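Here's the structure, in structure tokens; my notes come after.
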Amino acid sequence: MIVDYNAEPLVQVKDLCKYFQVGRHATLKAVDGVSFNIYRGETVGLVGESGCGKSTAGRCLIRLYEPTSGQVLYDGKDITKLSRQEKKEFCHKVQMIFQNPYASLNPRMTVKEIVGEGLKLQGKSNEEIEAKVEQLLKTVGLNKDHMSRFPHEFSGGQRQRIGIARALSVDPEFIICDEPISALDVSIQAQVLNMLNELQDNLGLTYLFIAHDLSVVKYLSERVIVMYLGTVVETATSEELYSNPMHPYTKALLSSIPEADPDKAQANRRIPIKGEISSPINPKNCCRFASRCEFATERCFNEMPAAREITPGHVVACHLMDDVK
Ligand SMILES: Nc1ncnc2c1ncn2[C@@H]1O[C@H](COP(=O)(O)OP(=O)(O)O)[C@@H](O)[C@H]1O
Ligand SMILES: [Mg+2]
């Protein structure tokens, strides 16, 4: 799909913070000052280790979570300041596909009820719902005989297809795919990915595609955002990020992708990330990656690096970049 980067972004995230109070003196900063844009028709990959705040950020974008501070604009409008009518529309335009297709479907509801729930809320008649559910099931590679069955009768891949049909039922524009294939068998991951790709082309969808490693995102995304412990460390087009990663964390993440070509594998030194991901509870106001970074200087432990655009569209938050330009 052709993306117009001069148009107003469909989604604008501005200095988003989501903190959880986890004790009397303990604040867990799940998302801490995150900013990015998503343009219409794009797939943006959001990548980082488990626990770095990807799902929390995604949840703030669809109003499942109230941000602690910062702003999310959808189609130019602050999503916390919508009129009743606008709120209703927003709930349809923006959908989420969840990581765990076992937990995200109500076990007591039939496929028809699950996929048709949004349509029912829209006031559609039973016949309309039945026809639309049938068509949706076809779109995701299931058939109408599946309508009266329950989630437990399906495999993981099929359940994820049901989740996708549910998301599509209300004709969304923007879908947050939160690790949609990571709970699935490797053998069916590609099928689901291909389906999401085709749906995007056919329906003109915009995706925020969340993943914990870069290998999946590489093939899908126009641009990639790399998160580390509540913060964005690097943003670039996929091509640029893979050919010229700048943040030490991105480099380490990339080097952990297995390389099929042995010559390239030799050339790409595997960069181990030392230590464990640190705690997001009461984090120090410094580079969150410093304790694991082999290049960290004293400054990295004392000062939060600002995001800087090193080349057009390639933004990095790292003190080491000060020498680059
Ligand atoms: N509702 C919540 N209450 C308290 N802590 C939470 C809540 N949701 C997420 N967290 C914490 O926020 C951090 C980020 O979580 P999450 O957004 O799920 O990360 P990711 O999706 O990148 O794995 C984690 O430390 C997690 O334990
Ligand atoms: Mg998650």
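Output the residue which, of all residues in the stretch 44-69 that are under 18 Å from the mean Cα position of the chain (by Cα) and of a type in the set (Gly, Ala, Ser), is farthest from ligand 2 (Cβ to nearest atom).
Filtering the stretch 44-69 for residues that are under 18 Å from the mean Cα position of the chain (by Cα) and of a type in the set (Gly, Ala, Ser), the one farthest from ligand 2 (Cβ to nearest atom) comes out as GLY45.
Can you tell me which residue among ALA26, ALA30, ALA103, ALA7 is free of Cβ contacts under 8 Å to residues at least 60 places away in the same chain and either farther than 20 Å from PRO172 by Cβ or of a type in the set (Ser, Thr, Tyr) (or both)?
Values: ALA26 fails: free of Cβ contacts under 8 Å to residues at least 60 places away in the same chain; ALA30 fails: free of Cβ contacts under 8 Å to residues at least 60 places away in the same chain; ALA7 fails: either farther than 20 Å from PRO172 by Cβ or of a type in the set (Ser, Thr, Tyr) (or both).
Exactly one of ALA26, ALA30, ALA103, ALA7 is free of Cβ contacts under 8 Å to residues at least 60 places away in the same chain and either farther than 20 Å from PRO172 by Cβ or of a type in the set (Ser, Thr, Tyr) (or both), namely ALA103.
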Within the stretch 129-155, the residues that are crowded, with 20+ Cβ neighbours inside 10 Å, under 27 Å from the mean Cα position of the chain (by Cα) and part of a helix (DSSP H, G or I) are VAL133, LEU136, LEU137, PRO151
Considering only residues that are part of a helix (DSSP H, G or I) and free of Cβ contacts under 8 Å to residues at least 24 places away in the same chain, look in the stretch 115-128 and name the one that is surrounded by the fewest Cβ atoms within 10 Å (Cβ to Cβ). GLU127
Looking only at the stretch 1-43, and only at residues there that are of a type in the set (Ser, Thr, Tyr) and either more than 18 Å from VAL224 (Cα to Cα) or surrounded by fewer than 22 Cβ atoms within 10 Å (Cβ to Cβ) (or both), the one that is farthest from ligand 2 (Cβ to nearest atom): TYR5
Would you confirm whether any residue within the stretch 44-58 is away from ligand 1 (no atom under 16 Å from the Cβ), buried (at least 21 other Cβ atoms within 10 Å of the Cβ) and assigned to a strand (DSSP E or B)? no
Return the residue satisfying two criteria in turn: it lies in the stretch 172-190 and is modelled with pLDDT of 95 or more and over 18 Å from GLY45 (Cβ atoms), and of such residues it is surrounded by the fewest Cβ atoms within 10 Å (Cβ to Cβ). GLU173
If the Cβ limit is 7 Å and pairs must be 6+ apart or interchain, which residue in the stretch 35-57 that is within 15 Å of VAL233 (Cα to Cα) and touching a residue at least 24 places away in the same chain (Cβ under 8 Å) pairs with which residue that is near ligand 2 (Cβ under 9 Å from one of its atoms) and in a strand (DSSP E or B)? LEU46/ILE210; LYS54/ILE210
For the condition within 16 Å of ligand 1 (Cβ to nearest atom), outside any strand (DSSP E or B) and surrounded by fewer than 16 Cβ atoms within 10 Å (Cβ to Cβ), what is the one hit in GLU86, GLU66? GLU66
Among the residues of the stretch 101-112, is any at pLDDT 95 or above, surrounded by 15 or more Cβ atoms within 10 Å (Cβ to Cβ) and either out of contact with any Ser or Thr (no Cβ under 8 Å at 6 or more places or on another chain) or of a type outside the set (D, E, K, R) (or both)? yes
Please name all residue pairs, on different chains or six or more residues apart, with Cβ atoms under 8 Å, provided the first residue is in the stretch 196-217 and is within 20 Å of LEU253 (Cβ to Cβ) and the second residue is within 16 Å of ligand 2 (Cβ to nearest atom) and of a type in the set (Ser, Thr, Tyr). ILE210/SER55; ALA211/SER182; HIS212/SER50; HIS212/SER182
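The values are calculated or read from the model by the stated rules, or taken from the named source; none is laboratory data. If you're wondering where the values come from, they're calculated on a predicted model, not measured in any experiment. Cβ: placed from backbone, ideal geometry, glycine included. Neighbour counts: every protein chain shown.
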